[in-house]
1. Give the long-range amide H neighbours of PHE164: residues separated by 5 or more places, or on another chain, with amide H under 5 Å away, using H modelled in the peptide plane at 1.01 Å from N.
2. Considering amide H positions built from the backbone, and no H for Pro or chain starts, which residues 5 or more places from LEU75, or on another chain, come under 5 Å of its amide H?
3. Please calculate how many Å² of accessible area the range 5-62 carries per residue, with a 1.4 Å probe and no DNA, RNA or ligand atoms counted.
4. FRET efficiency for ASP86 and ARG56, Cβ-Cβ distance as r, R0 = 25 Å, nearest 0.05?
5. Assuming R0 = 30 Å, can you tell me the calculated FRET efficiency for the pair GLU49 and SER154, based on Cβ-Cβ distance, to the nearest 0.05?
6. Can you work out the accessible area per residue across the range 117-176, with the rest of the protein chains kept in place, probe 1.4 Å, in square angstrom?
7. Once you've got the GNM for the chain with C-alpha springs shorter than 10 Å, pick whichever of LEU134, LEU33, LEU148 has the biggest mean-square fluctuation.
8. Give, in nm to one decimal, the length gained when the segment between THR39 and ARG18 is fully stretched (0.36 nm per residue of separation minus the Cα-Cα distance).
Amino acid sequence: MIRIFITPEEISDGEAGRITGMLDSGKWDYAHLRHPDATLRDMRRLIEEIPQRLHRRLRLHGHFSLAADFNLGGLHLNRRCPSVPDFYDGPHSRSCHSIDEVTAATDCDYVTLSPIFDSISKQGYKAAFSQDELMRLNDIATPRVIALGGITPSRTEDIKKYNFSGYAVKGATDMF
């Protein structure tokens with residue numbers, strides 16, 4: 001299973017060290033650098049503070065121009081940054097909020113689908129899919145689908161019965 005943690009909205013003191021430690025722990029495959037309000041300069045500094053040996057395990061949710069300067073693991077498309085820049089031809093993933101969005105994202109190496117369970121990090125953000133809808137994932141061969149939303153250690157077994165290739169977390173990283 002692919003295991004992803006997504007950074008909070010704000011960059012915090014010591015974040016590069018925490019990201020490094022989490023990636024070095026062996027519990028996580030990728031770190032998604034979300035930070036929607038960060039400046040280009042702040043994002044550059046954050047990436048520079050993370051050892052280069054881990055850069056291939058970082059995905060950007062914005063400031064895609066930095067992909068030209070670093071050997072990163074890819075870009076993550078979302079509502080704020082919905083398309084791959086012309087200069088970029090590397091791996092990319094996408095945020096999806098419906099099964100139809102998943103089936104349309106054939107150019108992605110994986111997608112996140114949310115919310116699978118009631119969110120831990122967003123109050124009032126409830127699960128959006130029935131079991132029948134999630135079973136439709138078994139008919140989708142590509143792209144790989146990553147469960148997001150309300151994922152806790154006890155729920156990782158639940159996601160295995162659907163065609164999820166892994167999970168991503170925002171609010172429960174300290175539980176793993």
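The values are calculated or read from the model by the stated rules, or taken from the named source; none is laboratory data. The structure displayed is predicted, hence computed values, not measured ones. Using ideal geometry, Cβ is built from the backbone for each residue, glycine included, and neighbour counts are taken over all protein chains shown. The accessibility values were calculated without ligands, DNA or RNA, using every heavy atom of the protein model including side chains. Shrake-Rupley method; radii C 1.70, N 1.55, O 1.52, S 1.80 Å.
1. none
2. LEU60, HIS92, SER93
3. Values: 2900 Å² over 58 residues.
Ligands and nucleic acids excluded, the result is 50 Å² per residue.
4. Details: r = 22 Å, r/R0 = 0.89.
Once the sixth-power term is evaluated, E becomes 0.65.
5. Working: r = 33 Å, r/R0 = 1.11.
Between GLU49 and SER154 the formula returns 0.35.
6. On the way: 3300 Å² over 60 residues.
I get 55 Å² per residue for the range 117-176.
7. For the chain, modelled as a Gaussian network with Cα springs under 10 Å, the answer is LEU134.
8. Details: separation 21, 0.36 × 21 = 7.56 nm, distance 1.99 nm.
Result for the pair: 5.6 nm of gain on full extension.
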